[in-house]
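The structure appears below as structure tokens.
The values are calculated or read from the model by the stated rules, or taken from the named source; none is laboratory data. Predicted model only: the values in this text are computed from it and were never measured. Glycine gets a Cβ as well: all are built from the backbone with ideal geometry, and neighbour counts include every protein chain shown. Areas reflect the complete protein model, heavy atoms only, side chains present, ligands, DNA and RNA absent. Shrake-Rupley method; radii C 1.70, N 1.55, O 1.52, S 1.80 Å.
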Amino acid sequence: QVQLVESGGGLVQAGGSQGLSCAASGSIRSTDAMGWYRQAPGNQRELVAIISSGGSTNYADSVKGRFTISRDNAKNTVSLQMNSLKPEDTAVYYCKWSGYRIGRYRMYDYWGQGTQVTVSS
């Protein structure tokens, strides 16, 4: 199994900044992509940002230029720096890990428990 522990989140005013972090641990043989997704009430879960093992990134159009994703491969952590936050960024943010487990030979996906980000206007 792989466990994901998220930190950060909370209440922030519009225009403010906030950071999220996620640490993966457990039976990790290698990590492929790590990313952040979010789900607002009544909406489907959507991709926010993703980063490959080589450092390539992809962002949702709605957050480009405002959010920055980064990772520490040695520590199996991924972070999301969110700037210029808007009320529409309010959602539960989920960390996702994709990779290979020790002793297994197919790729697995694991999700964090989610952390609430609320942006007040």
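Which residue, Leu11, Leu20, Leu85, has the most motion in a Gaussian network model of the chain that connects Cα atoms within less than 10 Å?
Of the options given, Leu11 has the highest mean-square fluctuation.
Between Val63, Val48, Val78, which gets the highest mean-square fluctuation from a Gaussian network model of the chain, Cα cutoff 10 Å?
Val63
When the accessible area of the chain is split by element with a 1.4 Å probe, what percent falls to carbon and sulfur?
It is 46 percent, rounded to a whole number.
Provide the gained length on full extension for the span Asn43 to Arg29, in nm with one decimal, where the gain is 0.36 nm per separating residue minus the Cα-Cα distance.
Once the chain is fully extended between Asn43 and Arg29, it gains 1.7 nm.
When you have a sec, figure out the Kirkwood radius of the range 1-47 from all distinct Cα pair distances and drop it here in Å to one decimal?
Roughly 13.2 Å, rounded to one decimal.
If we count every other residue with Cβ under 15 angstrom of Ala60's Cβ, Lys/Arg +1 and Asp/Glu -1, where does the sum land?
+2
Accessible area per residue, 1.4 Å probe, Å², for the chain: what's the number?
Each residue of the chain exposes 51 Å² on average to a 1.4 Å probe.
Lys and Arg at +1, Asp and Glu at -1: add these up for the other residues within a Cβ distance under 10 Å of Arg38 and post the number.
-1
Run the reach check for Lys75 against lysines, Cα to Cα strictly under 16 Å, same-chain hits fewer than 8 apart removed. What comes back?
Answer for Lys75, where 16 Å is the Cα cut-off: Lys96, listed by chain and number.
Quote to one decimal, in nm, the extra length available between Ser56 and Val5 on full extension: 0.36 nm per residue of separation minus the C-alpha distance between them.
Taking 0.36 nm per residue and subtracting the Cα distance, the gain is 16.1 nm.
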